[in-house]
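Data block below; observations after.
Where a number appears in this text, it was derived from the coordinates with a stated rule and is not lab data. This structure is a prediction, so every number in the text was calculated from the model and none was measured. Quick reminder, even Gly has a Cβ in these numbers, built from the backbone with ideal geometry, and neighbours come from all protein chains shown.
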Amino acid sequence: MRVASIDIQGFKSFAKKTRIDLTEGITAVIGPNGSGKSCVVDAVRWVLGEQSIKQLRGKANTDIIFHGSEVLPPARRAEVTITFDNESGRFPLPSATVAVTRRLTRDGESSYQVNREDVRLLDLQQMLAQAGIGAKTFTVISQGMVDRYITASPAERKELFDDATGIKPLQLKLMEAHRKLKKTQQHALEIETTIRELEPRLKVLARQIKRYEQREKIQEAFTVSQVQWFSHAWHNVRQRLTDLTAQQAEVSRTIKQARSHRETLEKKLITGTGTHNHGLHAELTTANQELAAAQKIYNERTHARVQLEKLIQEAQLQLQRADKALQAVTTRSQPLDWVGNVTQLLERCQKLLLKIAKNPATTTTEAEAMADQIQESLQTLKNTSADTLIRSAADELTRPAAELARIEAILEERKRQLDALPPLEAPSSAQVEKLTKQLANQGAVPLSEDSLASQLSSARQNELAAERADGALEAALEQARIDLAQLENDILRERGSQALSTMQQKPPAESGHTPSEEELRQLAGKLAALGEPDPLVIKEYGEVEERYENLTAQIADIRSAATNIVDLMGTLHTQMQKQFGEKFHVIRAAFTRAFVELFGGGNAELMLIEEGIDISVTPPGKRSRHIGLLSGGERALTSLALLMAILEAQSPPFIVLDEVDAALDEANSQRFSHLLRERCHNTQCIVVTHNREAMASADVLYGVTMQQKGVSSVYSVKLADITETDMGQAHQEISI
C-alpha cells in the first residue's frame with residue numbers, strides 16, 4: 001500500500017486546489033521558510049484524524065481554513081483528500097483505491113468520508129489503525145516528536161512505545177471494550193434499581209393475586225356445593241308440594257264423606273223428633289252456622305299467619321344479603337379507625353327507624369326530623385375527615401349499613417304484627433253436642449251408645465277434624481309454594497335460568513356428600529372475607545410481572561455481555577503484552593544497529609524497567625552515560641537511531657518526516673540519508689527538509705513557493721531526469 005496523491009484545497013496557505021502525486025521511494029518537499037512546506041505535513045496529519053489544534057499550529061479550528069490574501073478571498077471550507085493504492089488489501093475494504101477526505105466549514109461543521117461515503121471518526125480511526133497508520137502513530141513524525149522519546153520519563157516513554165510497538169488497534173479495541181463495559185454496568189445498575197423498586201409492589205400484588213386464586217378455588221367449591229344444595233332443595237320442596245297436594249286431595253274426600261254422613265244423621269234426627277222440637281232444631285241450625293263462622297275465622301287467621309311468616313322469611317333473606325354487603329364494604333375499607341364511628345351512627349339510625357316502626361302514631365314531621373338528624377350526623381362525619389378516600393369509603397359503607405337498619409326495622413315490625421295475632425282457636429262442637437243431648441232428654445231420641453245423637457256428635461267431630469287437617473294442609477301447601485318460588489328466585493339470581501332448567505329436568509345424584517346450609521354459609525363467609533377480585537389489580541399485576549420478567553431477562557443478558565466484555569478485555573490485554581514484548585525485542589535490536597551505523601561505533605540499549613522504558617547509550621570512545629548527558633548532536637543522532645529502529649519494527653506503508661534532520665551536520669546527514677535509503681524499500685517516505693544530502697537521496701522533489709503573498713504553490717522535479725548540477729541549481733533557486 002502506498003499514497004497515490006494528496007489533494008489540498010482551502011487548507012491554510014493552499015487556497016487553490018493543489019494535487020501532489022507521489023511515487024514509491026523517497027519524496028522530498030523543499031522550499032524557503034514560510035513557503036508552506038509544513039502545511040503539507042499538517043494537511044496529512046489533519047486528514048488522518050488529528051483532533052488537537054495545537055498540533056496543527058493553530059488556536060481555533062477555523063485557523064486551518066485559508067484566510068484570504070490581497071488577491072484571493074477567504075475560503076469557505078478546508079478540504080484534504082489522501083488517495084491510497086490498496087492493491088495489497090491492507091485497508092479492510094473491497095476497493096483498489098481508498099480515498100480518505102476530511103472537510104471543515106467556517107460554520108464549524110466537520111465531516112469524514114471514505115470513498116465519498118460519510119463515516120464516523122471512530123470508524124475512520126479503527127480502519128487506519130488496522131492499516132498501521134494514523135495521526136497518533138509514526139505516520140507523521142516531527143523533530144519534536146522524536147526528541148520526546150529521548151527527553152521523556154520512563155513511564156512517558158512506555159506510553160510512546162505502546163504506539164511504536166503497533167498495539168494501537170488493540171488499545172482502541174480495549175478502550176471501546178472499557179466504554180462498553182462501563183455503559184453496560186451503568187445500564188445494569190439502572191435496571192437493578194428498577195427491579196428493586198418493582199419487587200415490593202410485585203410482592204404485594206402477588207399476595208393479592210394469591211388471595212384471588214384462593215378465592216377462585218373457594219368460589220369453585222362454593223358453586224359446586226351451591227348447585228348441589230339447590231338441586232336437592234328444589235326437588236325436596238317439589239316432592240313436599242306433591243305429597244301435600246295428594247294429602248289435601250285425600251282430606252278433601254274425607255271432608256266430603258264426613259259432611260254427607262253428618263247431614264244424613266241430622267235429617268234422621270230432625271225427622272224423628274217431630275214438630276215439638278222445632279225450637280231445638282232451629283237452635284241446632286244456628287249452632288251449625290256459628291260453627292261454620294268459627295271455622296272461617298280459623299282459616300283466615302291461619303292464612304294471615306302464613307303470609308306474615310312468608311314476609312318475615314323474605315325480610316330475613318334480605319337482611320342476610322344486606323349484612324354480607326356491609327361486611328364486604330367493611331373488609332375493603334382501610335383504614336378501619338373510622339368504621340366504629342360509622343357503626344355507632346348507624347346504630348342510632350336503626351333505633352330511630354325502630355321507633356318509627358313501633359309507633360304508628362309517629363307523624364311525618366317527626367319522622368322527617370329524625371331523618372334530618374341522621375343526615376346531619378352523616379355530614380358531620382364526612383366533614384371531619386380530610387381524606388377524600390375515607391369520605392368516599394364512608395359513603396360506600398353508609399349505604400349498605402342504612403339498608404341493613406331499614407330491613408331490621410321492617411322485620412321487627414312484622415314480628416310484632418305476628419305476635420299481635422290472636423291465638424288460633426279451633427271451632428268447638430260443644431254447643432251442638434249440648435243441643436243434641438237436650439233433644440235426647442226430651443225423648444226425641446233414646447240416649448244410648450248407638451243412638452243417632454251419639455252418631456251425629458261423632459260425625460261432627462270427624463268433619464271438624466278433617467276440616468282442621470285441610471286447613472293445616474292448605475297452610476303447608478301455601479308455605480311450600482312460597483318456599484319453591486323463593487328457591488327458584490334464588491337459583492335464577494345465583495345460577496341463572498339454564499341451571500334452573502337443568503335442575504327441574506334432572507334429579508340430583510344420590511351418591512356423594514350433599515352440602516348443608518351451614519357449609520354454604522361458611523364458604524360464603526370465606527368469599528366475603530377475601531373480597532371481590534379487582535380487575536385493576538389483576539391488570540396491574542400482569543403488567544408489573546411482565547415488566548419484572550423482562551427486566552430480569554435483560555439483567556441476565558447484560559451480565560452475560562459484561563462477562564464476555566471482561567473476557568475480551570483479558571484476551572486483548574494478553575495480546576497487547578505479547579505483541580509489545582515481541583515488537584520491543586525487535587526495536588531494541590534495531591536501535592542498537594542503527595545507533596552503531598549513525599555513530600560509527602559505540603553501543604545503545606533499550607531497557608524495560610519497572611517504571612517504564614529507559615535508554616542507555618555509549619558513544620564511540622566514551623563511557624556509558626545517561627541520555628540526559630548527551631550533547632545536542634549526539635541526542636539528535638540517538639533520536640534518529642530510535643526512529644529508524646521503530647520504522648524497521650513497524651514497517652509502516654508510508655511516513656512523513658518533518659525536518660527531523662535539521663540538527664545534523666553534513667557528515668551525520670550523509671549517514672542518516674544512507675540509513676533512510678536502506679529503510680525505504682518497504683516504506684514510502686515523504687521528507688520535508690532543507691538538507692542537501694536528504695534532497696540528493698530523494699526520488700522526487702516537490703518545491704513549495706509563494707509566488708503570491710500568502711498563497712502556496714507546488715511544482716515537482718524527478719531527480720532521475722536531471723543532472724546533479726541541475727539539482728543544485730534548482731535547490732539554489734528554491735532557496736532564493
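Before moving on, here are some points about what is shown:
- Zone of MET175's modelled label, taken as backbone nitrogen in the stretch 22-50 under 18 Å from a point 7 Å along Cα→Cβ: 45-50
- Qualifying trypsin sites (Lys or Arg not before Pro) in the stretch 1-102, where qualification requires a DSSP coil assignment and no more than 14 other C-beta atoms within 10 Å, comprise LYS16, LYS17, LYS54, ARG57, LYS59, ARG76.
- Seen from ALA43, the other residues with C-beta closer than 13 Å to its C-beta sum to a net charge of +3, counting Lys and Arg as +1 and Asp and Glu as -1.
- FRET efficiency, 1/(1 + (r/R0)^6) with R0 30 Å, evaluated for ARG57 and MET607 via beta carbons: 0.30
- The Cβ shell under 14 Å around GLY68 holds other residues with a net charge of +4, Lys and Arg each +1, Asp and Glu each -1.
- The stretch 552-648: trypsin sites (Lys or Arg not before Pro) falling in loop per DSSP and having at most 14 other Cβ within 10 Å: LYS622, ARG623
- Förster-model FRET efficiency, 51 Å R0, ASP147 and ALA562, C-beta, rounded to 0.05: 0.75
- Approximate spin-label separation GLU517-SER111, in nm, with each point projected 7 Å along Cα-to-Cβ: 9.0 nm
- Point-charge dipole on Cβ atoms (K/R +1, D/E -1) for the stretch 80-158, about Cα centre, debye to 20: 260 debye
- Comparing Cα centroids, the stretch 475-494 and the stretch 553-592 end up 88 angstrom apart.
- Karplus-derived 3J(HN,Hα) values for the stretch 61-71, using 6.51 cos²θ - 1.76 cosθ + 1.60 with θ = phi - 60°, are 4, 6, 5, 7, 8, 3, 8, x, 9, 5, 9 Hz; glycine and proline are entered as x.
- At most 10 other Cβ within 10 Å, DSSP loop - GluC sites (Glu not before Pro), the stretch 1-81: GLU70
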